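Notes follow once the structure below has been shown.
The values are calculated or read from the model by the stated rules, or taken from the named source; none is laboratory data. As the structure is a computational prediction, the values presented were derived from the model and not from experiment. Note: ideal-geometry Cβ built from the backbone for every residue, glycine included; neighbour counts use all protein chains shown.
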Amino acid sequence: MAKYKILALDLDGTLLNKESMLPDENKQAVRQAQQAGVQVVLCTGRNPIEAKMFSDELLSPADWLVTSNGAYICKPDLTQNIFADYLSNDDCRLLLNICEEYGTDPCLYNDCHLFYGNAFKRFFRELNIRRNMNPDTKRNHSSFIANNEEWEKLLQTSKKPFIKSILYHDKPELVDEIIKKLDDTGRFELAPSVLFGGLMKNVEVNCKGVHKGNGLKKLTEYLGLTMNDVMAMGDSDNDLTMLKMSGLGIAMGNAEEHIKEIADECTLTNIEFGVAHSIKKYLL
């Protein structure tokens, strides 16, 4: 019997390789963990429909999805939603106003779609170039929003509420200013991401108190377990809370140093199949 009853896995930079693909080594190891009685939870900043796509690629689906940084928790077939915490339209308008002040625009997620502006398009183009990937910014289940009038129309007409936002600026120092302004409102949970040694920076925005750690905690309580029953793996700032709060928090070898410092253990990088390595070491 495995010591940990839940395996919480971040996707990008953790379970996935640098091409955002699921390596066979990780698929096999995740299946072995499930066969050992461990419930597998994909714990990601992505929205539910994107998380489901990766769950479907596993040898057997994940047991649960904790998505949008903990804002939406459901089964991998997108049924049995046990928790959702949405940004209000007033929250979204505040984000839009702050973005306008700094000459940028946001992206907004609902449970099945991503809406993005010019800044997010530039973000993905720059990210792909720096990673030597095809600089194609097309994404499934996404729509481009060109200006503030279209953003306002989206808020007025959207039938689904928004669960997360990401703000980006080409100048990392201005992202720091945006983060301070957002923090001063006291209305948001903020998870900055620093990339390429500070050459790129963005911030993920949820309702106050919404993060991966609390999302996992709500799931464990629902299942009659505790956070001590969780082994969590991640590489980014939005993984910090779940790494701190879990019984065993494992930082990927490709994580920034400040993330490795708070983790209980460190493993190999995502391209060295660190997930598979740690599953075999701690769960099998």
*Residues within the stretch 85-111 that are in a helix (DSSP H, G or I) and within 16 Å of residue 210 (Cα to Cα), tallied*: 2
*asked:* So, residue 7, is that one under 21 Å from residue 214 (Cβ atoms) and either surrounded by 24 or more Cβ atoms within 10 Å (Cβ to Cβ) or without any contact (Cβ under 8 Å) to a residue 60 or more places away in the chain (or both) or not?
replied: yes
*Tell me which residues, restricted to the stretch 63-77, are surrounded by fewer than 24 Cβ atoms within 10 Å (Cβ to Cβ) and within 23 Å of residue 239 (Cβ to Cβ).*
63, 74, 75, 76
*Can you tell me which residue among 124, 120, 83 is at pLDDT below 85 and either assigned by TED's automatic domain parsing to the domain that holds residue 219 or surrounded by 14 or more Cβ atoms within 10 Å (Cβ to Cβ) (or both)?*
124
_Among the residues listed as 72, 102, the single one being touching a strand residue (DSSP E or B) at 6+ places or on another chain (Cβ under 6 Å) and more than 21 Å from residue 270 (Cβ to Cβ)_ = 72
*Those residues that are over 23 Å from residue 142 (Cβ atoms) and out of contact with any strand residue (DSSP E or B) (no Cβ under 7 Å at 6 or more places or on another chain), I need them from the stretch 37-57; list them, please.*
37
_Let me spell it out: the conditions are (1) surrounded by fewer than 18 Cβ atoms within 10 Å (Cβ to Cβ); (2) touching a residue at least 40 places away in the same chain (Cβ under 8 Å); (3) within 26 Å of residue 228 (Cβ to Cβ), and residue 13 meets all of them except one. Which number is the exception?_
(1)
*Going by the conditions given, is residue 34 on the phi > 0 side of the Ramachandran plot and touching a strand residue (DSSP E or B) at 6+ places or on another chain (Cβ under 7 Å)?*
no
*Looking at (1) out of contact with any helix residue (DSSP H, G or I) (no Cβ under 6 Å at 6 or more places or on another chain); (2) farther than 14 Å from residue 89 by Cα; (3) surrounded by fewer than 16 Cβ atoms within 10 Å (Cβ to Cβ), which is the only condition residue 141 fails?*
(1)
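Matching residues to (1) assigned to a helix (DSSP H, G or I); (2) under 22 Å from the mean Cα position of the chain (by Cα); (3) in contact (Cβ under 8 Å) with a residue 24 or more places away in the chain; (4) over 24 Å from residue 113 (Cα atoms):
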| position | (1), (2), (3), (4) |
| --- | --- |
| 143 | no, yes, yes, no |
| 151 | yes, no, yes, no |
| 155 | yes, no, yes, no |
| 159 | no, no, no, no |
| 167 | no, yes, yes, no |
| 174 | yes, no, yes, yes |
| 179 | yes, yes, yes, yes |
*Taking the stretch 165-194 on its own, how many of its residues are within 18 Å of residue 210 (Cα to Cα) and in contact with a Pro (Cβ under 9 Å, 6 or more places away or on another chain)?*
4
